[in-house]
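Below is one structure; the comments refer to it alone.
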Amino acid sequence: MSDDKPAGPEKSVEQPAVEQSPENVPEAFGEPGLEVRAVGERQGMFGVQGSGDTSGYGGLVAPVVLPGAAQRPYGGWFDTVADALDPLIEQVVIHRGEITFHIHRDNLLAAARKLRDDPDLRFELLSGVSGVHYPGDAGRELHAVYHLMSFTWNRRVRVETAAPDGDPHVPSLVPIYPAADWHERETWDMFGIQFDGHPALTRILMPDDWPGHPQRKDYPLGGIPVEYKGASVPPPDQRRSYN
Amino acid sequence: MGTDQDFYAGGADTAEGKVFTVTGQDWDEIAADMGDSDAAERIVVNMGPQHPSTHGVLRLILEIEGETVTEARCGIGYLHTGIEKNMEYRSWTQGVTFCTRMDYLSPFFNEATYSLGVERLLDIEDDIPEKAQIMRVLLMELNRISSHLVCIATGGMEIGALTVMTIGFRERELVLDLFELITGLRMNHAFIRPGGVAQDLPPGALDEIRSFVALMKKRLPEYAALCNANPIFKARLENVGHLDLEGCMALGLTGPVLRSTGYGFDLRKAQPYCGYETYDFDVQTWDTADSYGRFRVRLNEMWESLKIIEQAADRLAKLEGAPVMVADKKVAWPSQLSIGSDGMGNSLDHIRHIMGESMEALIHHFKLVTEGFRVPAGQAYVPVESPRGELGAHVVSDGGTRPFRAHFRDPSFNNLQAMGVMSEGGQIADVIVAIASIDPVMGGVDR
């Protein structure tokens, strides 16, 4: 991308940089001083790429940063749950009033058992498993996100675990939450995450002999150009995108 | 190839077990042969995916012994359309157009949970106009009625109660007429959007809603009169598809199935959204944990929905002309349609505004329609109580103008896991009743 960057004005004619007031600085996530992890990179603006870029925005590169770790006290019952899970937690993220516990896959079973059985936690309902593929999150490309609810306490938490692309293994929660059965099959089907210990990890939505895992970011959406009134409309994944 | 070979049968590749070749009129020999072999004969029956009693393209794989089902499994995926993947290639507002098609019997709930998730990420939850929230509640409760009506109607049809079907669809048609009046469409509305709703109520809509409520109050007792104490209906439904509270907890069942066990859990009460805490209604339960209980829960819930609709209509009457979209011009969908002599089309007032009066309005219109708005990076999950249970959209943003990932936790998908538990050990005919009591919608299951 750096090749395409239009040559800027000479250093000598460059205007002195405007002093940045706080509102011009991108919002910093999480507590200051804590490391934030970029999960990807956003390039350009307005969808301009390559030599057609006369705006100069095409050379922009910005990291994609998810909300960072929260620090204690988290407030209210968040601390109760965090205390009970403490040694098993990698990171706690609180964003928009929802709490996410990032748990290493080796600790996932122990954490899930505790979440279900601890009388202070009692998360009886596993709402589902949602896979997310972050191709830019090196070593943690495949995330499995669990939403749990406690009927007893009327609380919700999110548990997130990650696996590298080269070793896409996550322990299955079916022994603890039988409801995870189909959800894990769907996540395997769509993302290729292998849930170790699942009783029958087979495809569920795609045909049995389907190659690939369609909802990964490296799997194309597909589609053909459509002709409309003489013009050809490209398929959605090849249209100009406003990243 | 000799004449004794069957072109269509191909080669018999079965490596184990006994192979029978049936060529017609030799049933006596086959039967005699079977008598010799060991009794471990498994009969596996495929019901569906095109069977009229399996609620859309649901395939049931039943292992039977006589009329008794010894093992039951579901085969799904026949209606998978990749909606979640497609949503990643459209703007956040366009996402509504896709997710409304998932569970096609409760489109407003799909739109609502997605919009609530996007609004939480945008941090505009408190800025949604009151009128938009009331209209969402109104539409969702109307939708709950239409969805429960289809459940009861098709459930009745499948056990042979055709009158239940005809009256169910008769009333549902009235709800769809209201949808058409308010949103312009009977299905696939894309009406609830991030920031509010697409349009204000059309003139006369409240009167139509009130007359619908009055009519439903006369019609709903017909269902009770037809079914509640009907001995055939009860014989088919009672103690069929039994699933107690422990089973519901383990398999993550919510909605009418959970409430039929006597546990009154309803997200509208427990974790209110869209202002449900301000409405007066009761959570309906039953204590039999069977198909009959679920039928009664649904029937009673329609009465509760009527109560909520009346309250919402009263509030809307006081809010004439109030905004239905968030005030932030960087999020609010700019264009309002209007009805002209040739149907729904561009609002000339809006075109005059952007083309002749306000440069900023033109820029906002252009930017929002072509590019859309950016949503701060993060993830949100705001579930709603759909007619089938907890429906939630896990919405993930990377800070761009498109969803990075949108996953729908569809209650039909989850609840269908209980099909085996509900039907194993019962009769084949009861499998149909058990599935009808789960009320799965395959559009939502397969997405």
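The values are calculated or read from the model by the stated rules, or taken from the named source; none is laboratory data. The model shown is predicted, which means the values in this text are computed figures rather than measured ones. Neighbour counts are summed over all protein chains in view; Cβ atoms, including those assigned to glycine, are modelled from backbone coordinates with ideal geometry.
Observations
- Checking every residue in segment A:138-145 against the condition of being among the charged types (D, E, K, R), surrounded by 22 or more Cβ atoms within 10 Å (Cβ to Cβ) and free of Cβ contacts under 8 Å to residues at least 24 places away in the same chain gives zero matches.
- Of the residues B:421, B:441, B:396, the single one that is within 21 Å of residue A:186 (Cα to Cα), at pLDDT 90 or above and more than 14 Å from chain A (Cβ to nearest Cβ) is B:441.
- For the criterion of being more than 12 Å from chain B (Cβ to nearest Cβ), closer than 25 Å to residue B:419 by Cα and more than 20 Å from the chain's Cα centre (by Cα), residue A:230 fails.
- Only listed residue being within 14 Å of another protein chain (Cβ to nearest Cβ) and closer than 30 Å to residue B:431 by Cβ, chosen from B:289, B:229, B:250, B:270: B:250
- Looking at A:146, A:219, A:177, just one residue is outside any loop (DSSP other than H, G, I, E, B) and at negative phi, and that residue is A:146.
- Residues of segment A:177-207 that are within 14 Å of chain B (Cβ to nearest Cβ), hydrophobic (A, V, I, L, M, F, W, C) and surrounded by fewer than 20 Cβ atoms within 10 Å (Cβ to Cβ): A:200, A:206.
- Residue selected from segment B:369-396 under the condition hydrophobic (A, V, I, L, M, F, W, C) and crowded, with 24+ Cβ neighbours inside 10 Å, by the criterion nearest to residue A:155 (Cα to Cα): B:382
- Of all residues in segment A:222-243, those being in contact with a strand residue (DSSP E or B) (Cβ under 9 Å, 6 or more places away or on another chain), assigned to a loop (DSSP other than H, G, I, E, B) and modelled with pLDDT of 85 or more number 3.
- In segment B:155-164, the residues that are crowded, with 19+ Cβ neighbours inside 10 Å and assigned to a helix (DSSP H, G or I): B:155, B:156, B:157, B:158, B:164
- Strands (runs of 3 or more DSSP E) wholly inside segment B:337-447 that include at least 1 residues being in the same structural domain as residue B:240 (by TED's automatic domain parsing): B:378-381, B:384-386, B:389-397, B:405-409
- Residue list for segment A:233-243, filter: more than 10 Å from chain B (Cβ to nearest Cβ) and in contact with an Asp or Glu (Cβ under 9 Å, 6 or more places away or on another chain): A:233
- In segment B:102-160, the residues that are of a type in the set (Phe, Trp, Tyr), within 30 Å of residue B:51 (Cα to Cα) and in contact with a strand residue (DSSP E or B) (Cβ under 8 Å, 6 or more places away or on another chain): B:108, B:109
- Checked against the criteria, residue B:119 does not count as at pLDDT below 90 and closer than 13 Å to residue B:195 by Cα.
- Evaluation of residue A:90 against (1) in the same structural domain as residue A:111 (by TED's automatic domain parsing); (2) touching a residue at least 40 places away in the same chain (Cβ under 8 Å); (3) among the acidic types (Asp, Glu) (one fails), failing number: (2)
- Each residue in segment B:253-267 was checked for being outside any helix (DSSP H, G or I) and either on the phi > 0 side of the Ramachandran plot or within 14 Å of another protein chain (Cβ to nearest Cβ) (or both), and 9 of them qualify.
- Considering segment A:60-91, the residues that are part of a strand (DSSP E or B), aliphatic (A, V, I, L, M) and within 18 Å of residue A:132 (Cα to Cα) include one that is farthest from the other protein chains (Cβ to nearest Cβ), namely A:65.
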